[in-house]
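I have placed the structure first, in the form of structure tokens, so that the comments after it can refer back to it.
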Amino acid sequence: MIALKVEDLKNFTTQLFVGELFDSWLLREAVITTFNVFTIDGRIRPGYFTQQEIEEKKIGILSPWRMVRPVCYSLIRGKRLPESFRITLQLSSDGVGHFLQSVQPDFKAEQVGGLYLNVRYEEQILRCVTGVSLNVFTLDKRIEQGWDGEVKRFLRESKIAYLEE
């Protein structure tokens, strides 16, 4: 787990809330504090979508960020900055499979509970904190270290400047 302080707040928030950079990620949870505290659970409600919609749109357990992004953007836009927000994004199962191929090919995707990017904005500072959840016990830290490196690479390639804290 590493914490990265984003240097260009406007660029990052534009990429997050307006751009499509994070659209392939899944939303675990979002908590946005403005004049109220708005909490969004990223889990798809059973029965809301038809079976046909689930198959056509490839809807899983969690909402893709692209579906929830406009709602979150509507909560933060305006003349005043939000007091804070916390957004927990999770890499899709396809992304987990590709990631494991490069870091630890003998590890099964089912053994990974989640690869996370926690976006935290408070006191006018934005930080990205990595997180890994495994469904098995291992002393091997290659997945955690690889995920930290992958997130840094993703931010660098997306031209998002950061400082490692």
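Of the residues Arg43, Arg28, which is of a type in the set (D, E, K, R) and surrounded by 16 or more Cβ atoms within 10 Å (Cβ to Cβ)?
Arg28
Name every residue in the stretch 66-92 that is out of contact with any strand residue (DSSP E or B) (no Cβ under 9 Å at 6 or more places or on another chain) and part of a helix (DSSP H, G or I), in order of residue number.
If the condition is that a residue be out of contact with any strand residue (DSSP E or B) (no Cβ under 9 Å at 6 or more places or on another chain) and part of a helix (DSSP H, G or I), then Arg66, Pro70, Tyr73, Ser74 are the ones that fit.
Could you tell me which numbered condition Thr14 fails, if it satisfies all but one of (1) surrounded by 14 or more Cβ atoms within 10 Å (Cβ to Cβ); (2) free of Cβ contacts under 8 Å to residues at least 40 places away in the same chain; (3) under 17 Å from the mean Cα position of the chain (by Cα)?
Result: Thr14 fails condition (1) only.
If you check Gln124, Gln111, which single one turns out to be modelled with pLDDT under 95 and under 24 Å from Ala161 (Cβ atoms)?
Gln124
What are the residues in the stretch 17-54 that are farther than 19 Å from Arg66 by Cα, outside any loop (DSSP other than H, G, I, E, B) and touching a residue at least 40 places away in the same chain (Cβ under 8 Å), if any?
Thr33
In this structure, does Arg80 turn out to be within 17 Å of Ala30 (Cβ to Cβ) and not hydrophobic (A, V, I, L, M, F, W, C)?
Taking the combined requirement at face value, the residue does not satisfy it.
Out of Gln90, Gln101, I need the residue that is touching a Gly at 6+ places or on another chain (Cβ under 8 Å) and more than 24 Å from Glu7 (Cβ to Cβ). Which one?
It is Gln90.
The values are calculated or read from the model by the stated rules, or taken from the named source; none is laboratory data. Every value quoted in this text rests on a predicted model; they were computed, and no experiment measured them. We place every Cβ from the backbone using ideal geometry, glycine too, and count neighbours over all the protein chains shown.
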